[in-house]
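A quick write-up on the structure given underneath.
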Amino acid sequence: MKTNDLILQTTTKVVLFIIILFSFHIFFAGHYTPGGGFVGGLLTSGAIILLMLAFDMKTVSQILPVNYIYMAATGLLFAGGTAAGALFFNVPLLTHAFGHVDLPILGDTALHTATIFDLGVFLVVVGVTMTIIQTIGEDE
Amino acid sequence: MSLLHLAIISPFLLAIFIPILYKLFRNIHTGWFVLPLPILLFSYFLSFISITSTHKTITESVPWIPAIGVDFIAKVDGLGLLFALLITGIGSLVVLYSIYYLSKDKEKLNTFYVYLLLFMGAMLGVVLSDNLIVLYTFWEFTSFSSFLLIGYWYDREKSRYGAQKSMLITVLGGLSMLGGIILLYIMTGTFNISEIIAQAAGITENPLFIPALICILLGAFTKSAQFPFHIWLPDAMEAPTPVSAYLHSATMVKAGIYLVARMTPVFASEGLWVWLIAGFGIATLFWGSFNAVRQTDLKAILAFSTISQLGMIMSLLGLGAAALHFDDVKNSFYGAATLAAVFHLFNHATFKGSLFMVVGIVDHETGTRDIRKLGGLMNFMPITFTLAIIGTFSMAGLPPFNGFLSKEMFFTGMIRVLELDIFNFETWGMLFPVIAWIASVFTFIYSMVLVFKTFTGKYQPEKLEKKPHEAPMGMLISPIVLASLVIIIGFFPNILANSILSPALESILPNNNIDVHISFWHGFKPELFMTIGVIALGILLFLTLPKWKRVYDFFPKKLTLNRLYDNGLELIQRASNKLTKTYMNGSIRTYLVYIFAFFIFILATTIAVKNAFIFDTSNISSIGFYEVLLALAIVIGSISILFVNSRMTAIILLGAVGYTVSLFYVLFRAPDLALTQLVIETISVALFLLCFYHLPKKRNEERNRFKLTNAIISIGVGAIVTVIALSAHSNKVFDSISEYYVENTYTEAAGKNMVNVILVDFRGFDTLFEITVLTIAALGIFAMIKLRMGGKKKNENK
């Protein structure tokens, strides 16, 4: 029996982008205001899960053909790479660098290697959550 | 990092590239890429002879774990160099031999050479490290690579059995040796062998001295296959023959001998050291040679022969250690045994190495190693036959080969025991020459069996798988080199005397004055008559072998050491299985009970013992309306979970509790926590819903029964956590670290959100490992579910 979830599906189509945008915002703003890679990653996974609830696993994996295990591995590589990168500058592991750069359009922007590390965290969180949910969900 | 260190780790470095080379150049036998390395290392180590022959040593140090005094100290002295030359020299020959022995089309050469290089590097590390922890690390690496090489043909059950057996026995000894090393460290405060030797005189009275001695010896005995631990070596013969020649006769099994020699200056003052080594050595010598005679597999004969020869070297080292108790004349008198040990160590590597290769050739060209099927191969393989004659005659102690010289010196050492008047040797010492002589007779017999049953007698083509013919030249080069060494050293033993033997002797017996001149003819001394007696009785017994062979049937088959090992292993396995089954019942609820019960127990005990419960209400803020409201919501939500019957309702209630907790965070102005908690709750509810699908259907009549244990445990957990929270608030042992973060978040890390800065910067190491753990968990779940289904699904699809 196919249930009628028109309202959920319609809402999802709009809300999804809001959540994802919000999660990106929270991720980037994390260094100065509440947020960060961990929450951002969780929010993005939440958005994808909503998509899965509104439609179904197969449709979602067609829309987003992402291998989440690779995603988690990439995240680890980012985080570990940033941590180890410090060694090449002859400073202890995990030493971060930062500075202010004048970018076009964005203006004076603080750039921070911690963001790359946080991006790693973000990817790992999304990758891990979605791997777990996808494997359990697809299992029959 | 010096060139010496690089030499030690170079095999490991090459091992990394072997799989790549194997993939890229499938048409070239991978062995050709490996071969240059041992040759290069051999010539490199040869250059050290000029240094060590003047009794100097070279020490290079690289810090490894300086905090606990563990540095990678590479030290080349006489003893280390002798072994290094054996490892690289025999290593080169074995690699060359393996190129012809292992077919490049059928075998997985990449793994073979990776394991072999691992071993080579590890073994070099063992003999050239001056630090005991580094030595131990390399030591276990040799056990490990030996395990891999014995199990190289892992589809054979016997290989797996042999690999496991060798691993269990040698690692048992290795761990005991680690214990001995730690005891030595406690006594001397250093892991460096040279420093321990310098302090040796001061620790003999220490109560830990004897335990350390026994622990170290256990390591040496298991590794060198001394009775009663010898049982792993015959089963290790399942390895490819080049491996047997290399690891299980020429080098790895001599690591125990190396350790004993190395530690002699530390322990020799103790009579127990002399007795244990000499006693176990001579017992092994006899038992090995006695059992070798009844074997029918050529490699088994060689395995028992190796055991017996190792015992012989061991007993010589033990007796030679007594020399450290004397000065001047008597020192050299008893120290001659040590010289014999070092000399025989070298000789054994040459003749036994060549014999293994000869047996490998016979196996390769006829398809069998069973002496009952072999015979009359002399006409088909004249070169191999000659090599076998040289090897076995040297092993039996016949002139003019090098084995004769060291056998004579062995007899000399044994006879001199009669005059030893310390450690009660005057009473039991006479047994040594007697057992040594009997064992030598058996050595003579199995040597003759090995060569004559294979190469002379009746040729039985119907029992052979292949038509025998002479081996290709490449396969013969290595044994020819070794056999020529047997002869050259037999005639000119003194080319080794000052260059290799004397420096090695110096490492075992410091400040000795032993005359290392080796001569062929000693005059009509007892040694000569002993040798003549061995030959005479040996020939007689060899000819009458079928008549007295029934002697071996008197030994009950049920009482062998192998039986003991097999049954013991099975017993341990069954017992631990039984024990595990008593508490691991497969139900996750039971496990949670264990975990939480332990949690309560450990925390409650700690609080009680430390008297840590303090309740102080002086420093709390006022409780407002919202707090009470939220707390009530949490309590009501939690309690109602207990009374709902539907899982769905329970999950939603649990979610509600979680959301309320996050409202608490909002109230206490922790937006980061609130946000995280909210999203986590959302996602875990979704996850729960997914997992429902897999839970067994709940029947309607099945009510949630009240379980007393669960009730006690859940109340206990709640109470403990409450108590800890209250005490933590009331009792501030040290200042909160938060001030540090408040001050430094912007100045040091250029961030304004403290929580995030802590996560990515101040405590970034934690985060890095947390996400690693998360990924591992995800991979675990993925593997568990996908692999479990994988098999079924594939079948269905087909």
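The values are calculated or read from the model by the stated rules, or taken from the named source; none is laboratory data. As the structure is a computational prediction, the values presented were derived from the model and not from experiment. Cβ placement follows ideal geometry from the backbone for every residue including glycine, while neighbour counts extend to all protein chains displayed.
A few remarks follow.
- Pairing each residue of the stretch A:24-39 that is within 7 Å of another protein chain (Cβ to nearest Cβ) and within 17 Å of B:Arg669 (Cβ to Cβ) with any residue that is surrounded by fewer than 24 Cβ atoms within 10 Å (Cβ to Cβ) and hydroxyl-bearing (Ser, Thr, Tyr), provided the two are 6+ apart or on different chains, yields C-beta distances under 6 Å for A:Val39/B:Thr676.
- Residue-level check: of (1) modelled with pLDDT under 90; (2) touching a helix residue (DSSP H, G or I) at 6+ places or on another chain (Cβ under 9 Å); (3) at the interface with chain B (Cβ under 9 Å from one of its Cβ atoms), A:Thr59 misses just (3).
- Odd one out for A:Val124 among (1) more than 30 Å from A:Asp56 (Cβ to Cβ); (2) hydrophobic (A, V, I, L, M, F, W, C); (3) facing another protein chain (nearest Cβ under 8 Å): (1)
- B:Ile216 being within 24 Å of B:Gln309 (Cβ to Cβ) and either in a helix (DSSP H, G or I) or out of contact with any Pro (no Cβ under 9 Å at 6 or more places or on another chain) (or both): yes
- The lone exception for A:Gly46 - which of (1) of a type outside the set (A, V, I, L, M, F, W, C); (2) within 8 Å of chain B (Cβ to nearest Cβ); (3) over 30 Å from B:Thr682 (Cα atoms) it fails: (3)
- Where a residue in the stretch B:539-558 is in contact (Cβ under 8 Å) with a residue 24 or more places away in the chain and its partner, wherever it lies, is surrounded by 11 or more Cβ atoms within 10 Å (Cβ to Cβ) and basic (Lys, Arg), with Cβ under 9 Å and at least six apart: B:Lys549/B:Arg294; B:Tyr552/B:Arg294
- Within the stretch B:738-750, being more than 10 Å from chain A (Cβ to nearest Cβ) and either within 15 Å of A:Phe122 (Cα to Cα) or charged (D, E, K, R) (or both) holds for B:Glu739, B:Glu743.
- Exclusive hit being buried (at least 16 other Cβ atoms within 10 Å of the Cβ), modelled with pLDDT under 90 and among the charged types (D, E, K, R), set B:Asp735, B:Asp672: B:Asp672
- Some residue of the stretch A:97-113 being touching a residue at least 40 places away in the same chain (Cβ under 8 Å), over 15 Å from A:Met71 (Cα atoms), at the interface with chain B (Cβ under 10 Å from one of its Cβ atoms) and not polar (S, T, N, Q): yes
- Enumeration of residues in the stretch B:768-782 that are more than 9 Å from chain A (Cβ to nearest Cβ) and either under 12 Å from A:Gly120 (Cβ atoms) or aliphatic (A, V, I, L, M) (or both): B:Val773, B:Ile776
- The stretch B:201-213, subset out of contact with any Phe, Trp or Tyr (no Cβ under 7 Å at 6 or more places or on another chain) and assigned to a helix (DSSP H, G or I), residue nearest to B:Lys254 (Cα to Cα): B:Ala212
- Any hit, the stretch B:751-767, residues being in contact with a helix residue (DSSP H, G or I) (Cβ under 8 Å, 6 or more places away or on another chain), among the aromatic types (Phe, Trp, Tyr) and more than 9 Å from chain A (Cβ to nearest Cβ): yes
- Residues satisfying the stated conditions in the stretch B:371-394, i.e. of a type outside the set (A, V, I, L, M) and modelled with pLDDT under 85: B:Arg372, B:Lys373, B:Gly375, B:Gly376, B:Asn379, B:Phe380
- Those residues of the stretch B:232-261 which are in a loop (DSSP other than H, G, I, E, B) and either modelled with pLDDT of 90 or more or not hydrophobic (A, V, I, L, M, F, W, C) (or both), in sequence order: B:Pro240, B:Thr251
- Set side by side, the residues B:Ile39, B:Ile51 differ, and just one is of a type in the set (A, V, I, L, M) and closer than 30 Å to B:Tyr185 by Cβ, which is B:Ile51.
- Residues that are out of contact with any Lys or Arg (no Cβ under 9 Å at 6 or more places or on another chain) and farther than 22 Å from B:Lys732 by Cβ do not occur anywhere in the stretch B:609-616.
- Residue pairs meeting the criteria (Cβ under 6 Å; at least 6 apart or on separate chains; first touching a residue at least 60 places away in the same chain (Cβ under 8 Å) and farther than 14 Å from B:Val358 by Cα, in the stretch B:472-491; second of a type in the set (Phe, Trp, Tyr) and assigned to a helix (DSSP H, G or I)): B:Val486/B:Phe351
- Conditions (1) more than 19 Å from A:Leu42 (Cα to Cα); (2) charged (D, E, K, R); (3) at pLDDT 90 or above: number failed by B:Arg788: (3)
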